Amino acid sequence: MLKTRARYQLGQVVRHRKHPFRGVVFDVDPEFSNTNDWYEAIPEDSRPRKDQPFYHLLAENDESYYVAYVSEQNLVADYSGEPVRHPDLEEFFGGFQDGQYEMYVQFN
């Protein structure tokens, strides 16, 4: 069995490598755990491997806020020090310090 270790942690601010959005990690799947329809909607030449961590993000871009599901290979850490302004942040996180959100809710 292959064991995978997530590169990014809950509360960390990350940025997409190719698309202009950033977000806060609020959950991690050790490998792909979304629908096949979702996966097949991605152009074949851009589909990420399924055997890597996938991150649930409270995401934002210049136009909107949303929840994104992104493979680890498509993320980089965001070192801007700027907070994310997603309206659902307070449901999961407390303060923002040193580029990291503090967990507000403990998950099992």
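The values are calculated or read from the model by the stated rules, or taken from the named source; none is laboratory data. Since the structure is predicted, the reported quantities are computational estimates derived from the model, not experimental observations. Methodologically, a virtual Cβ is constructed for each residue, glycine included, from the backbone with ideal geometry; neighbour enumeration extends over all protein chains shown. Side chains included, ligands, DNA and RNA excluded: accessible areas come from the protein's heavy atoms. Shrake-Rupley method; radii C 1.70, N 1.55, O 1.52, S 1.80 Å.
Data table
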{"item": "Accessible surface, the chain, averaged per residue in Å² (probe 1.4 Å)", "result": "67"}
{"item": "In order through the stretch 73-81: 3J(HN,Hα) via Karplus (6.51 cos²θ - 1.76 cosθ + 1.60), integer Hz, x for Gly, Pro", "result": "5, 9, 10, 9, 5, 9, 9, 5, x"}
{"item": "Amide hydrogen neighbours beyond the local backbone of Phe93, cut-off 5 Å, H modeled", "result": "Tyr104"}
{"item": "Of all accessible heavy-atom area on the chain, the percent that carbon and sulfur account for (1.4 Å)", "result": "45"}
{"item": "Kirkwood hydrodynamic radius over Cα pairs of the chain, then Stokes diffusion coefficient at 37 °C and 0.692 mPa s, in µm²/s", "result": "228"}
{"item": "Longest exposed-site-free window of the chain, the sites being chymotrypsin sites (Phe, Trp or Tyr not before Pro) in a DSSP loop that have at most 12 other C-beta atoms within 10 Å", "result": "1-78"}
